[in-house]
1. For region 33-46, take each phi angle, set θ = phi - 60°, evaluate the Karplus expression 6.51 cos²θ - 1.76 cosθ + 1.60, and give the result in whole Hz per residue in order, putting x for glycine and proline.
2. Under 13 Å from the Cβ of residue 101, count the other residues' Cβ atoms, weight Lys and Arg +1, Asp and Glu -1, and hand me the total.
3. Quick one: net charge of residue 111's neighbours, Cβ under 14 Å, K/R +1, D/E -1?
4. In whole Hz, what ³J(HN,Hα) sequence does region 78-85 give by Karplus (6.51, -1.76, 1.60; θ = phi - 60°), x for Gly and Pro?
5. I want to verify a result. In a Gaussian network model of the chain, Cα cutoff 10 Å, which of these has the top mean-square fluctuation: 106, 24, 122?
6. Report the net charge of residues surrounding residue 84, where surrounding means a beta-carbon distance below 14 angstrom and charges are Lys +1, Arg +1, Asp -1, Glu -1.
7. Kindly provide the trypsin sites (Lys or Arg not before Pro) of region 54-121 that DSSP labels as loop, not H, G, I, E or B, and whose Cβ sees at most 16 other Cβ atoms within 10 Å.
8. Just need the relative contact order of the chain here, percent rounded to a whole number, with Cα pairs under 8 Å and 6+ apart.
Amino acid sequence: MGHLPAFVRDKLGFLRTSAERYGDVVRLRLGTETYLLRDPADIQHVLETNHLNYEKTPRLTGSGGKRVSGDGLLTSSAAAHRSQRLTLQPVFHRAAIEAFAAPILDATRRVLAGWARENEVDVAAEMMRLAHQSIGKALFASISWAPTAGWPRRSRCDGATST
């Protein structure tokens, strides 16, 4: 069983404690050979500089991982990963990210303004709503937004909106 019970009980706490106790590179016994890297240079080495020497775990790339995380960039390997990464790369260009800043800032300001009127806030729900609004505003800027629900109203092709 190794570290698996402690990992399952408190994933973040287990990883944080392991890194604090054992340093920047920690070998974990989680069923298959697994390493925890903490140093940014080590992470860059594995993910970017020398990525061809490493494989993603079958727990991620197999049917179980794809059932949980989908069949996308995170779970793909080799040629499929490269193809998907190249397809997505323009979205992460500096100019593209800067274009998303205004809609995200606008959505954040609206959420915070709502918080000022509340005594108690469900932060998890509010963050999910903010994420949906930010993504929606950035990707679908022509849709008008319902102010209370956080979800878009349907837009017709002629530009009119419905509630």
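Laboratory data are not the source of any read-out in this text; all were calculated from the coordinates shown. Small disclaimer: the values here were computed from a predicted structure and weren't measured. FYI the Cβ positions are ideal-geometry reconstructions off the backbone, even for glycines, and counts take in every protein chain you see.
1. 4, 9, 10, 9, 10, 10, 6, x, 5, 5, 5, 5, 4, 6
2. Numbers: positive: 94, 109, 137; negative: 98, 106.
Value of the local net charge: +1.
3. Details: positive: 109, 110, 117, 129, 137; negative: 106, 118, 122, 126.
Surrounding charge for residue 111 is +1.
4. 6, 5, 5, 5, 4, 4, 5, 5
5. In the Gaussian network model the winner is 122.
6. On the way: positive: 56, 66, 82, 85; negative: 71.
Charge balance in the 14 Å sphere: +3.
7. On the way: sites: 56, 59, 66, 67, 82, 85, 94, 109, 110, 117; in loops: 56, 117.
Within region 54-121, the qualifying trypsin sites (Lys or Arg not before Pro) (loop, at most 16 other Cβ atoms within 10 Å) are 56, 117.
8. Numbers: 119 pairs, mean separation 15.4, N = 163.
So the answer I get is 9 percent.
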